[in-house]
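The values are calculated or read from the model by the stated rules, or taken from the named source; none is laboratory data. Nothing here was measured: the structure is a model prediction, and the numbers come from that model. Methodologically, a virtual Cβ is constructed for each residue, glycine included, from the backbone with ideal geometry; neighbour enumeration extends over all protein chains shown. These accessible areas exclude ligands, DNA and RNA; they are computed on the full protein's heavy atoms, side chains included. Shrake-Rupley method; radii C 1.70, N 1.55, O 1.52, S 1.80 Å.
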Amino acid sequence: NRRDEAAEQLEQALALAPDNPIANRLMATFHVSGPNPEKAEPYFKALADMPGNTDGRLTLAEYYLRVGKVDQGKKTLLAAASEKATYAPATRRLAAMAYEEGRKVDAYKQAEELLSKDPKDADTLVMKGRMQFADGKVDEGLTTFKAAAAAQPTNVSAQFALGSAYAAKRDF
């Protein structure tokens, strides 16, 4: 509970190394978890602008979405989706948003686009299975979850989704 001292220490670290990803991430986390989350934006932007930091744009987009700047979040995700290193996670997030907004056709289309490039993308399979399940397509969702777990047996989300699907079907 000594936020002022913590902020001072983080500011000193950034003064010594303004391009340090750890210091920027800590300062962003510090502000986003505090009473003034808007102060985190420059640190998330710094992370997004760092060469080789593939997660930076995705993190910035999630920040925008969290603080209600949905248009900026979408714009950042679209930019990330145009880059090879962040194409899949950004497109997956855009698909999830489309589904949440009721644009189910778009969401499924984006999921299929991802799966056409990598049919064993467990994270996309889990997302698609969740959409199917939410749409009442329980058997299709279960099949998709099985494919996700088979594609990547160590993927916790895939295993959890598969177990949850079996539990929902009362197939213990």
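What number of residues within region 21-47 satisfy the criterion of being more than 14 Å from residue 69 (Cβ to Cβ) and surrounded by 17 or more Cβ atoms within 10 Å (Cβ to Cβ)?
11
Of all residues being without any contact (Cβ under 8 Å) to a residue 12 or more places away in the chain and in a helix (DSSP H, G or I) in region 98-108, which is surrounded by the most Cβ atoms within 10 Å (Cβ to Cβ)? Just the residue, please.
106
Taking region 114-162 only, how many residues are within 16 Å of residue 87 (Cβ to Cβ), open to solvent by 80 Å² or more (accessible area, probe 1.4 Å) and in a helix (DSSP H, G or I)?
Number of matching residues: 2.
Please name all residue pairs, on different chains or six or more residues apart, with Cβ atoms under 7 Å, provided the first residue is in region 80-91 and is open to solvent by 50 Å² or more (accessible area, probe 1.4 Å) and the second residue is not hydrophobic (A, V, I, L, M, F, W, C).
Close Cβ pairs (under 7 Å, with a partner that is not hydrophobic (A, V, I, L, M, F, W, C)) amount to 85/54.
Taking region 163-172 as the region of interest, how many residues are among the aliphatic types (A, V, I, L, M) and either open to solvent by 80 Å² or more (accessible area, probe 1.4 Å) or more than 24 Å from residue 102 (Cβ to Cβ) (or both)?
Qualifying residue count, region 163-172: 1.
When residues of region 56-79 are filtered for being open to solvent by 50 Å² or more (accessible area, probe 1.4 Å) and either aliphatic (A, V, I, L, M) or over 14 Å from residue 110 (Cβ atoms) (or both), how many remain?
The qualifying residues number 11.
Restricting to region 116-128, and then to whatever is within 17 Å of the chain's Cα centre (by Cα) and not basic (Lys, Arg), can you tell me which residue is farthest from residue 151 (Cα to Cα)?
The initial filter retains those residues of region 116-128 that are within 17 Å of the chain's Cα centre (by Cα), namely 121-128.
Those left that are additionally not basic (Lys, Arg): 121-127.
Working: 121: 7, 122: 6, 123: 10, 124: 11, 125: 9, 126: 11, 127: 14 Å.
Ranking the qualifying residues of region 116-128, first place goes to 127.
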